[in-house]
Amino acid sequence: MSIVAVVLKTVEKIGVLNGITDKLYEKNYNIIYTHLFVENNQGRIYMELMGVDDFDKLLEDISNTPNVISVEPSATLDEIYGKRVIIVGDGKLMADTLRGGIMEAQMHNTHGETISVDGMIIGGGSQIQEAVTSMDKLPRIHALVLSGSMMGGLITEEIIKLKKENPSIKVIALEMLGDLDNVVDLVINDPVQAGIMAVKLVSENVSYDEDIKDNTFLEKE
């Protein structure tokens, strides 16, 4: 079933979102993703929905909901940003990994794919652990790259949990001190190559499933 998206402007007051969701429930529309924030004293709501047979009727139903100022059709986040690669780490290693991912994504996107690469510069182990813990709160993540010089312990435990709950996510790590090697999908010793391989692994046009016999991809000195 296809997914449609809308962007709403609303009056900023208590109960507005509840009124909108009640209307969508009455019409048997299924909300699969929503994001809400306030700007210039107005509510802004982005929604993705399934079960919509008549899109014009959906727009009409939402427009007639109390406290809705306007509703406009939108492309879905998947159509706009596509698959997401998240790179987490510190300093130059993380910057080089991000550079490799962006260069590779540009090439794939030029040929019709949609892959976005996001980077988070985080300096401490506890902050990286918290970032990994929060990954399942973010939509459309297909790959996570851990780029640093030493990670393990609680970070490793969070990677195990993430992989258990989201087995489709590819997790890549630089070769570094720590005990990540046995819990990630791929270990790479070159940061630029790590970013490149993350994009390749989520690409629909490249398949490495049969080529990778173990989880180590190390460039020779």
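Select from the range 151-160 the residues that are touching a helix residue (DSSP H, G or I) at 6+ places or on another chain (Cβ under 8 Å) and more than 14 Å from VAL187 (Cβ to Cβ) and list them in ascending order.
Correct list: GLY153, LEU154, ILE155, GLU158.
Can you pull out every residue in the range 3-43 that is open to solvent by less than 80 Å² (accessible area, probe 1.4 Å) and either within 20 Å of the chain's Cα centre (by Cα) or within 13 Å of SER74 (Cα to Cα) (or both)?
Once the filter is applied, which keeps residues that are open to solvent by less than 80 Å² (accessible area, probe 1.4 Å) and either within 20 Å of the chain's Cα centre (by Cα) or within 13 Å of SER74 (Cα to Cα) (or both), the range 3-43 yields ILE3, VAL4, ALA5, VAL6, VAL7, LEU8, ILE31, ILE32, TYR33, THR34.
If you go through the range 182-218, how many residues are part of a loop (DSSP other than H, G, I, E, B), modelled with pLDDT under 85 and closer than 27 Å to GLY153 by Cβ?
So the count comes out to 5.
Is there a residue in the range 190-199 that is surrounded by 20 or more Cβ atoms within 10 Å (Cβ to Cβ), aliphatic (A, V, I, L, M) and closer than 30 Å to THR34 by Cβ?
Among the residues of the range 190-199, at least one is surrounded by 20 or more Cβ atoms within 10 Å (Cβ to Cβ), aliphatic (A, V, I, L, M) and closer than 30 Å to THR34 by Cβ, which makes the answer yes.
Counting only residues that are free of Cβ contacts under 8 Å to residues at least 40 places away in the same chain and in a helix (DSSP H, G or I), how many does the range 9-25 have?
Qualifying residue count for the region: 6.
Looking only at the range 186-202, count how many residues are closer than 9 Å to ASP96 by Cα and β-branched (Val, Ile, Thr).
Matching residues across the range 186-202 total 1.
Please enumerate the residues belonging to the range 136-154 that are more than 19 Å from GLY195 (Cβ to Cβ) and surrounded by 15 or more Cβ atoms within 10 Å (Cβ to Cβ).
Residues satisfying the conditions are GLY152, LEU154.
With respect to VAL132, determine if the residue is modelled with pLDDT under 90, open to solvent by less than 60 Å² (accessible area, probe 1.4 Å), part of a helix (DSSP H, G or I) and of a type outside the set (Lys, Arg).
yes
Does the range 152-165 contain any residue that is more than 13 Å from the chain's Cα centre (by Cα) and touching a residue at least 40 places away in the same chain (Cβ under 8 Å)?
Checked against the condition, which is being more than 13 Å from the chain's Cα centre (by Cα) and touching a residue at least 40 places away in the same chain (Cβ under 8 Å), the range 152-165 yields no hits at all.
If you go through the range 157-179 one residue at a time, do you hit one that is open to solvent by 60 Å² or more (accessible area, probe 1.4 Å), more than 28 Å from THR34 (Cβ to Cβ), among the polar types (S, T, N, Q) and not in a strand (DSSP E or B)?
no
Which helices (runs of 4 or more DSSP H) does the range 26-116 wholly contain that include 2 or more residues that are in contact (Cβ under 8 Å) with a residue 40 or more places away in the chain and within 26 Å of GLU175 (Cβ to Cβ)?
91-110
The values are calculated or read from the model by the stated rules, or taken from the named source; none is laboratory data. For clarity, every value in this text was computed on a predicted model and none was experimentally measured. Reconstructed Cβ throughout: ideal geometry from the backbone, glycine too, with neighbour counts over all protein chains shown. Side chains included, ligands, DNA and RNA excluded: accessible areas come from the protein's heavy atoms. Shrake-Rupley method; radii C 1.70, N 1.55, O 1.52, S 1.80 Å.
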